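Student: For reference, the structure I am asking about is given below.
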Amino acid sequence: MTDQERDRPAASSGSSHRHWTVAPEPNRARHGPALRAGVLGASDGLVSNLSLVMGVAGSGVAGNVVIIAGLAGLVAGALSMGLGEYLSVQSSRELFAHELEIEAHELATNPAAEVDELCAIYERKGIPTDQAHALAERIVRGNPAFALDTMAREELGIDPGQLGGSAWVAAGTSLVLFAVGALIPLLPFVLLGSSAAVAVAAAVSGVALFGLGAAITNLTGMNPIRAGLRQLAFGAAAATVTYGIGAAIGGLVR
């Protein structure tokens, strides 16, 4: 039998019902929490520490003060990002796991109600009532694991296959890449004099901002050039504002 013949709806002279099957939808973008946390962590580290060191440098203080402030911002921000990412991922997983437990209990104790719920979902998708009910009956009263997977996707909007991934890995990735991003605008102040460091930090950070904006399109699907320019514009605006504020405050206190 050919693949085309296997894929055709079964038909018989005694029944006008088509036999519906449920196939898993291919996941086109199976990005784990670690990838998202890493890319966004690096972006946050770069923008926040660029703004911080530019604000401090704008006040006219000595270069070692800028370095101390930048290191403090790097450490504090990285720890905050790592902890926040862990809590976010772990809390989401615990919430989804609890919802799946409730759904599994409902399937075991009141399958008729679950049949009605799934039938209504399929009817809203355009499947005729009799066929929707037959399909829902077959799923709910069939394999329990498949029934739970189907109800999770159709009723709860959860893909059980994407609940994996370690919250610790996501947190560690976010922490490390935040620190890497935050280090980019700080290095020129470590390696160069403070006067030259401002211009070099701005230039290097601008290139990094554009690159990160383009990289984030792997998650968003946006145009890389547009996303890179947007990230560059926002980062430059933040750094310009903080530099101006630092210069104004520095002029007042000197």
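Student: State the number of residues belonging to the range 77-101 that are closer than 13 Å to residue 174 by Cα and aliphatic (A, V, I, L, M).
Tutor: Residues that pass the stated criteria total 6.
Student: Find the residue count for the range 216-229, including only residues that are free of Cβ contacts under 8 Å to residues at least 24 places away in the same chain, part of a helix (DSSP H, G or I) and more than 16 Å from residue 50 (Cβ to Cβ).
Tutor: 7
Student: Inside the range 14-65, can you point out the residues that are at pLDDT below 80, hydrophobic (A, V, I, L, M, F, W, C) and in a loop (DSSP other than H, G, I, E, B)?
Tutor: 20, 22, 23, 29
Student: Could you say whether any residue in the range 111-131 is under 30 Å from residue 42 (Cβ atoms), in a helix (DSSP H, G or I) and among the aliphatic types (A, V, I, L, M)?
Tutor: The answer is no, given that none of the residues of the range 111-131 is under 30 Å from residue 42 (Cβ atoms), in a helix (DSSP H, G or I) and among the aliphatic types (A, V, I, L, M).
Student: Quick check on residue 70: is it in a helix (DSSP H, G or I), under 21 Å from residue 179 (Cβ atoms), under 25 Å from the mean Cα position of the chain (by Cα) and not hydrophobic (A, V, I, L, M, F, W, C)?
Tutor: No, not satisfied.
Student: Would a scan of the range 155-165 turn up a residue that is under 30 Å from residue 47 (Cβ atoms), in contact with a helix residue (DSSP H, G or I) (Cβ under 6 Å, 6 or more places away or on another chain), touching a residue at least 60 places away in the same chain (Cβ under 8 Å) and not acidic (Asp, Glu)?
Tutor: Within the range 155-165, one or more residues are under 30 Å from residue 47 (Cβ atoms), in contact with a helix residue (DSSP H, G or I) (Cβ under 6 Å, 6 or more places away or on another chain), touching a residue at least 60 places away in the same chain (Cβ under 8 Å) and not acidic (Asp, Glu).
Student: When you go through 181, 213, 251, 246 one by one, which is the residue that is in a helix (DSSP H, G or I), surrounded by fewer than 20 Cβ atoms within 10 Å (Cβ to Cβ) and of a type in the set (Gly, Ala, Ser)?
Tutor: On inspection, the qualifying residue turns out to be 251.
Student: Anything in the range 184-197 that is surrounded by fewer than 22 Cβ atoms within 10 Å (Cβ to Cβ), touching a residue at least 24 places away in the same chain (Cβ under 8 Å) and farther than 13 Å from residue 48 by Cβ? List them, or say none.
Tutor: Once the filter is applied, which keeps residues that are surrounded by fewer than 22 Cβ atoms within 10 Å (Cβ to Cβ), touching a residue at least 24 places away in the same chain (Cβ under 8 Å) and farther than 13 Å from residue 48 by Cβ, the range 184-197 yields 190, 193, 194.
Rundown of residues vs (1) out of contact with any Pro (no Cβ under 8 Å at 6 or more places or on another chain); (2) surrounded by fewer than 17 Cβ atoms within 10 Å (Cβ to Cβ); (3) more than 18 Å from residue 156 (Cβ to Cβ), yes/no style:
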{"position": "73", "(1), (2), (3)": "yes, no, yes"}
{"position": "79", "(1), (2), (3)": "yes, yes, yes"}
{"position": "82", "(1), (2), (3)": "yes, no, yes"}
{"position": "100", "(1), (2), (3)": "no, no, no"}
{"position": "108", "(1), (2), (3)": "no, yes, no"}
{"position": "127", "(1), (2), (3)": "yes, no, yes"}
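Student: In the set 132, 113, which member is surrounded by fewer than 15 Cβ atoms within 10 Å (Cβ to Cβ) and aliphatic (A, V, I, L, M)?
Tutor: After ruling out the rest, the residue left standing is 113.
The values are calculated or read from the model by the stated rules, or taken from the named source; none is laboratory data. All figures in this text were calculated on a predicted structure; none of them were measured in a lab. When we count neighbours, we look across all protein chains shown, and the Cβ atoms used for this are built from the backbone with ideal geometry, even at glycine.
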